[in-house]
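The structure appears below as structure tokens.
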Amino acid sequence: HDNVGGSDTDIIALKNYMDAQYFGEIGIGTPPQKFTVIFDTGSSNLWVPSAKCYFSVACLFHSKYKSGHSSTYKKNGKSAAIHYGTGAISGFFSQDHVKLGDLVVKEQDFIEATREPSITFLAAKFDGILGLGFQEISVGNAVPVWYSMVNQGLVKEPVFSFWFNRNAEEEEGGEIVFGGVDSNHYKGEHTYVPVTEKGYWQFDMGDVLIGGATTGFCAGGCSAIADSGTSLLAGPTTVIAQINHAIGASGVLSQECKTVVSQYGKTILDMLVAEAKPQKICSQIGLCSFDGTRDVSMGIESVVDKNTDKSSSGLHDTVCSACEMAVVWMQNQLRQNLTEDRILNYVNELCERIPSPMGESAVDCSSLASMPRVSFTIGGKVFELSPEQYVLQVGEGVAAQCISGFMALDVPPPRGPLWILGDVFMGHYHTVFDFGNMTVGFAEAA
Amino acid sequence: ASNDGLIRVGLKKRKLDHVDRLAGHIDTKEGELSGASVRNYRL
């Protein structure tokens, strides 16, 4: 009962719910049991943790559906599993009423998750996922919630729309509107493009421009998916490399590794030459803590210490890892009797080759003003993003780190080359999903 | 629901932070942790 088709599975696997930032509340059952879910246009099932989830730690930390407490529950029992790129869930289908806003969708099939082995769901701020994609990619061919809303005549028009509030100063996260669009949340007119591949909200996209100049690769056409369940913007490496070059992006770990080498490289070398214990070096210079046998990251204890700045603790984790790697590399080089300069140069080069976790790239927070605008051509119109819109700031003050909103994703033809337009794009462009006309529309968000 | 017949569901948002991102990084398929992750993150 996996997602249909091999190629579709590839795309689902790219989803990154860990960084999903927007979620809303729904009720399941009578009386309604509340759940916080991600409204995800890139998948099509509804699932929430089940009260019968006993062996997954993630279930302990989230709301669980108790069928015995609902007068409208109907048993189904068919097993189901969904594999995402950052985790998997399994369980069984059930049927009950689902409350969205003031609206009640009757007899909705959904998955009661009895296993959530992934850390993604353990650490997640949301309980489950409500898919707003097409039934074609629905696990178990379950009828998606949105289809039920249309079939039961609960919405005026077969249209839903997203508005994400990217204003960091404001509490309000945004709004999903079922049945139409809220004119308060966009400016001007929407540009509509036809859905080209039913399953995902996929459409044809044209050239991608950096500072107004073509990147060439998509000039002949690419595909794109509007995906509210993904945080960043993902696209072909050929284009992302050009963007990274233009904005000075490098892998997150690469950057921190280079910082460690430039600031502590000589000290680490000196300590190795002085025959200090390699396992203790990073804690001795303050980049890790020591657990009695070896250096360890300082992040975990900081998480439970509410008085500690969470942002800085995360930074220490990667710095500690970078330091540990540098120690091992330098130790190896010292055995070959190389000069100090050659060792530091070599280690610096190794830093550049560290694969970036989750494909994220870091940029210099102080260089935003000099970064170019990046534009996407959709329906013959250019949709621009400024550096402030495509760069995400993580943490505050001295611990602040800036993450590029772009990551590489290579999907071969015929489905690719493909772009995933996640929250970074949808945050700036109010997005309409028109189920009746099979179109997707974008207008500047207000 | 409102007068205009639209059904609105408010969304909450959260701020990305280093700890959340790193929790994502140590995640692997089927929830199994690689040796490197266990080593790096003391799990």
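The values are calculated or read from the model by the stated rules, or taken from the named source; none is laboratory data. Everything numeric in this text was worked out from a predicted model, so none of it was measured. Positions of Cβ are backbone-derived with ideal geometry, glycine not excepted, and every protein chain shown enters the neighbour counts.
A few points about this structure:
- Test result for A:A81, facing another protein chain (nearest Cβ under 8 Å) and under 12 Å from A:W47 (Cα atoms): no
- Residues of segment A:328-379 that are touching a helix residue (DSSP H, G or I) at 6+ places or on another chain (Cβ under 7 Å) and under 30 Å from A:F442 (Cα atoms): A:M358, A:E360, A:S361, A:A362, A:V363, A:L368, A:M371, A:P372, A:V374.
- Apart from one condition, A:H69 fits all of (1) at pLDDT 95 or above; (2) more than 16 Å from A:Q108 (Cα to Cα); (3) touching a Lys or Arg at 6+ places or on another chain (Cβ under 7 Å); the exception is (3).
- Residue match in segment A:193-214 (condition: in a loop (DSSP other than H, G, I, E, B), modelled with pLDDT under 90 and among the hydroxyl-bearing types (S, T, Y)): no
- Of all residues in segment A:182-216, those that are of a type outside the set (S, T, Y) and within 14 Å of chain B (Cβ to nearest Cβ) total 3.
- Among the criteria (1) surrounded by fewer than 19 Cβ atoms within 10 Å (Cβ to Cβ); (2) in a loop (DSSP other than H, G, I, E, B); (3) not acidic (D, E), the one A:K187 does not fulfil is (2).
- Selection over segment A:165-194 of residues that are small (G, A, S) and over 17 Å from A:H428 (Cβ atoms) gives a count of 3.
- When we screen A:G179, A:G91, A:G131 for residues that are at the interface with another protein chain (Cβ under 8 Å from one of its Cβ atoms) and buried (at least 19 other Cβ atoms within 10 Å of the Cβ), the only hit is A:G179.
- Contact annotation: residue pairs with Cβ atoms under 6 Å, 6 or more positions apart or on different chains, pairing a residue in segment A:435-446 that is part of a loop (DSSP other than H, G, I, E, B) with a partner that is surrounded by 16 or more Cβ atoms within 10 Å (Cβ to Cβ), are A:F435/A:P158; A:G436/A:P158; A:M438/A:V195; A:A446/A:H185; A:A446/A:Y186.
- Scan of segment A:105-128 for residues that are farther than 14 Å from A:A88 by Cβ, surrounded by fewer than 20 Cβ atoms within 10 Å (Cβ to Cβ) and modelled with pLDDT under 95, ordered by number: A:A123, A:K125
- Residue within segment A:361-378 that is free of Cβ contacts under 8 Å to residues at least 40 places away in the same chain, assigned to a strand (DSSP E or B) and either closer than 30 Å to A:I176 by Cα or not small (G, A, S) (or both) present: no
- Just so you know, in segment A:371-394 the residues that are small (G, A, S) and over 20 Å from A:G248 (Cα atoms) include one that is farthest from the other protein chains (Cβ to nearest Cβ), and it is A:G380.
- Taken as a whole, the condition of being hydrophobic (A, V, I, L, M, F, W, C), within 25 Å of the chain's Cα centre (by Cα), under 22 Å from A:G212 (Cα atoms) and more than 13 Å from chain B (Cβ to nearest Cβ) does not apply to A:V411.
- Pick from segment A:112-128, criterion among the acidic types (D, E) and in a loop (DSSP other than H, G, I, E, B), ranking: nearest to the other protein chains (Cβ to nearest Cβ): A:E116
- Helices (runs of 4 or more DSSP H) contained in segment A:217-322 and holding at least 1 residues within 14 Å of chain B (Cβ to nearest Cβ) and modelled with pLDDT under 70: A:299-304
Yes/no per residue for (1) within 16 Å of A:S118 (Cβ to Cβ); (2) modelled with pLDDT of 95 or more; (3) not in a loop (DSSP other than H, G, I, E, B):
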| site | (1), (2), (3) |
| --- | --- |
| A:H1 | no, no, no |
| A:E25 | no, no, yes |
| A:T30 | no, yes, no |
| A:K34 | no, yes, yes |
| A:S44 | no, no, no |
| A:Y54 | no, no, no |
| A:H62 | yes, no, no |
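- Some residue of segment A:252-260 being touching a strand residue (DSSP E or B) at 6+ places or on another chain (Cβ under 8 Å), under 28 Å from A:G380 (Cα atoms) and buried (at least 22 other Cβ atoms within 10 Å of the Cβ): no
- Residue count for segment A:235-248, restricted to those that are under 18 Å from the mean Cα position of the chain (by Cα) and closer than 30 Å to A:A326 by Cα: 2.
- Residues in segment A:140-167 that are within 12 Å of chain B (Cβ to nearest Cβ), outside any helix (DSSP H, G or I) and either buried (at least 18 other Cβ atoms within 10 Å of the Cβ) or touching a residue at least 24 places away in the same chain (Cβ under 8 Å) (or both): 12 in all.
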